[in-house]
1. Any idea what the alpha-carbon Rg over 2.2 N^0.38 Å comes to for the chain?
2. Please work out the Kirkwood hydrodynamic radius for the range 253-306, using every pair of different C-alpha atoms, and report it in angstroms with one decimal place.
3. Using helices alone, I'd like the mean residue ellipticity at 222 nm for the chain: each DSSP H run of four-plus residues gives -39500 (n - 2.57), total over residue count, nearest 500.
4. Name all residues of the range 137-179 having a backbone nitrogen under 18 Å from the label point set 7 Å from the Cα of residue 273 along its Cα→Cβ direction, giving them as ranges.
5. Which whole-angstrom value gives the distance between the alpha carbon centres of the range 286-327 and the range 88-108?
6. If packing is taken as the average number of other Cβ atoms within 10 Å across a peptide's residues, how do 139-147, 59-67 rank, most packed first?
7. Using label points projected 7 Å from each Cα along Cα→Cβ, tell me how many nm separate residue 16 and residue 84, to one decimal.
8. So if R0 is 41 Å, what FRET efficiency would residue 148 and residue 54 give, r being the distance between their Cβ atoms, rounded to the nearest 0.05?
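Since every read-out is calculated from the coordinates, none of them should be taken as a lab result. Remember, it's a predicted structure, so these values are computed and weren't measured experimentally. Counting neighbours? That spans all protein chains shown, and the Cβs are built from the backbone with ideal geometry, glycine included.
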Ligand SMILES: NC(=O)c1ccc[n+]([C@@H]2O[C@H](COP(=O)([O-])OP(=O)(O)OC[C@H]3O[C@@H](n4cnc5c(N)ncnc54)[C@H](OP(=O)(O)O)[C@@H]3O)[C@@H](O)[C@H]2O)c1
């Protein structure tokens, strides 16, 4: 099968299209003929081996997993023994969080892993986009913020994959959403449900004193220190970007003060929990309440371009890789 292989750490130039052995489904696994994947910031870090801390997980001197890619969507082509729920021909979407392999024509996945039937109204490209930022945004809003109906939430970095998903999920929970993004993306964030928008190139949301129950900084560009004054008493600041200050602030504010800081490590969630989250988003997508947003589409052979695009830090929604006869 064709796959994008990264045998060494480095720039997107290390990515090579190669013929590799097709994986074989083991007991409890299905083989999926894969039609689509996405490129994320986390995958860029895995490919580059940067920040260096990332190598403690991905491999100290060279990548442990040479085929990157977490999200996939396609059709079950074969099933291993003791698979009972999925059948050959089923359309499925999933996320291989720990062992990657989704930038390839075929992917193996556990039937009881992070995999769901693809919503009938979504193409495979739309499915990988639907399960891109949402699997991060959902635990941040539900467990991290314990978001309640009627609360005010500000989403910084609202046009990114996590931000676009956060707007839609926060609306689903009944929150009043303010989205912060650049001028070019104002219309997009309104179109997915933001009640109010702030153009970050003109206004500074941190001047809106005592205004928000939740500030979700999806890009980590506004620190807790700056954002604090915009939180209501009892409010919480959440960021996706782990830094030493936020870890210390999380510890400190858990004991002292009326305004909290927190981070959630969504990649550490148990597969069963992730699968439930995927199923929740699938239901919302099926009903039309959650709309996947695709920024750019890159055929597998040009995966390196997708990585270059994601590294600009200015994409809106998802950068999708299409594979074979993708739709
Ligand atoms: N903790 C976790 O478990 C976890 C899980 C997944 C992802 N993450 C992290 O979450 C972050 C966001 O991921 P993503 O996929 O949403 O990224 P993304 O799709 O690349 O989006 C980034 C967005 O931020 C906007 N932006 C850029 N500079 C900004 C600034 N100074 N202020 C406000 N907005 C700015 C960009 O649009 P404009 O420039 O046009 O405004 C862009 O739309 C990444 O750092 C990723 O590593 C963490």
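1. On the way: Rg = 19.6 Å, N = 327, 2.2 N^0.38 = 19.9 Å.
Relative to the rule-of-thumb radius for its length, the chain sits at 0.99.
2. Values: mean 1/r = 0.0656 Å⁻¹.
Computed over Cα pairs of the range 253-306, the Kirkwood hydrodynamic radius comes out at 15.2 Å.
3. Working: 10 runs with 82 residues, N = 327.
It lands at -7000 deg cm²/dmol.
4. 137-147
5. So the two Cα centres are separated by 16 Å.
6. Order by mean packing, descending: 139-147, 59-67.
7. 4.4
8. On the way: r = 35 Å, r/R0 = 0.85.
It comes out at approximately 0.70.
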